[in-house]
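**Q** After the structure tokens below, expect a handful of questions from me.
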Amino acid sequence: MENIVIRLKEQGCRLTPQRRAVIKQVYESTEPLTVTSIWHSVREAYPNISLDTVYRNVSVLVELGVLIPIKSTGKEGIRYELATADHHHHHVVCVKCGQAVCIDFCPVNQHLLELLHGYGYELVRHTVELFGICADCRLTVKE
């Protein structure tokens with residue numbers, strides 16, 4: 001977590017106690033979290049923190065590349081996880097239940113980079129999300 005703190009300070013970002021608590025919740029989680037679940041957890045230490053404050057902090061952390069949003073078509077909406085340099089991955093998300101699974105594969109290759117360059121772009125970051133129906137949901141649909 002200290003690497004994240006250092007990175008934020010290097011980018012000139014203030015590290016308020018609330019922002020630190022938001023980062024800590026995502027850092028300690030074993031699964032991606034919604035803003036609402038982050039808010040509920042952070043409220044244990046900061047009972048007066050508003051949902052709006054958590055949304056603003058999450059937004060800043062996404063802009064700075066600390067958090068990665070995982071979009072979902074399920075009722076939970078967007079979930080967030082830490083961006084880690086040592087584990088670049090993408091996701092497949094179930095359109096029925098919203099379950100997201102990491103895919104340890106990146107489709108960005110030299111050909112795509114050259115194509116983007118031809119359009120005048122330099123790739124600075126990317127996310128790839130695939131959507132499907134998980135095995136559990138396929139079973140319930142067939143029954």
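The values are calculated or read from the model by the stated rules, or taken from the named source; none is laboratory data. Being a predicted model, the structure only gives us computed values, none of them experimental. Cβ: placed from backbone, ideal geometry, glycine included. Neighbour counts: every protein chain shown. The protein model used for the area step is the full one, side chains on, heavy atoms only, and it has no ligands, DNA or RNA in it. Shrake-Rupley method; radii C 1.70, N 1.55, O 1.52, S 1.80 Å.
**Q** Just the Cα atoms of the chain, one point each, no solvent: what log10 I(q)/I(0) does Debye give at q = 0.13 Å⁻¹?
**A** -0.68
**Q** Let me ask something else. Just how large is the dipole of the chain about the Cα centre, in debye to the nearest 20, putting +1 at every Lys and Arg Cβ and -1 at every Asp and Glu Cβ?
**A** 440
**Q** Give the long-range amide H neighbours of Ile133: residues separated by 5 or more places, or on another chain, with amide H under 5 Å away, using H modelled in the peptide plane at 1.01 Å from N.
**A** Val95
**Q** Calculate for the chain the 222 nm mean residue ellipticity that helices alone would give, adding -39,500 (n - 2.57) per DSSP H run of length 4 or more and normalising by residue count, nearest 500 deg cm²/dmol.
**A** Rounded to the nearest 500, the figure is -12000 deg cm²/dmol.
**Q** A further question on this structure: Under the rule of at least 5 residues apart or a separate chain, name every residue whose amide H is placed under 5 Å from the amide H of Val128.
**A** When sequence neighbours closer than 5 places are left aside, the close amide H contacts are His91.
**Q** Let me ask you something else. How much of the accessible area of the chain, probe 1.4 Å, is carbon plus sulfur, in whole percent? Display every interim value, and only then the final one.
**A** On the way: 5130 of 9560 Å².
C and S atoms contribute 54 percent here.
**Q** Using 1/(1 + (r/R0)^6) with R0 = 30 angstrom and r between the beta carbons of Val95 and His117, what's the FRET efficiency to the nearest 0.05?
**A** 0.35
**Q** Give me the number: length gained by fully extending Cys106 to Arg138, i.e. 0.36 nm times residue separation minus the C-alpha to C-alpha distance, one decimal in nm.
**A** 8.9 nm
**Q** While we're looking at this one, here's another question. Using the Cβ atoms and a cut-off under 10 Å, what net charge is assigned to the surroundings of Cys94, where Lys and Arg are +1 and Asp and Glu are -1? If you can, show how the numbers build up before the last one.
**A** Details: positive: Lys96, Arg138; negative: Asp136.
Net of charged neighbours comes to +1.
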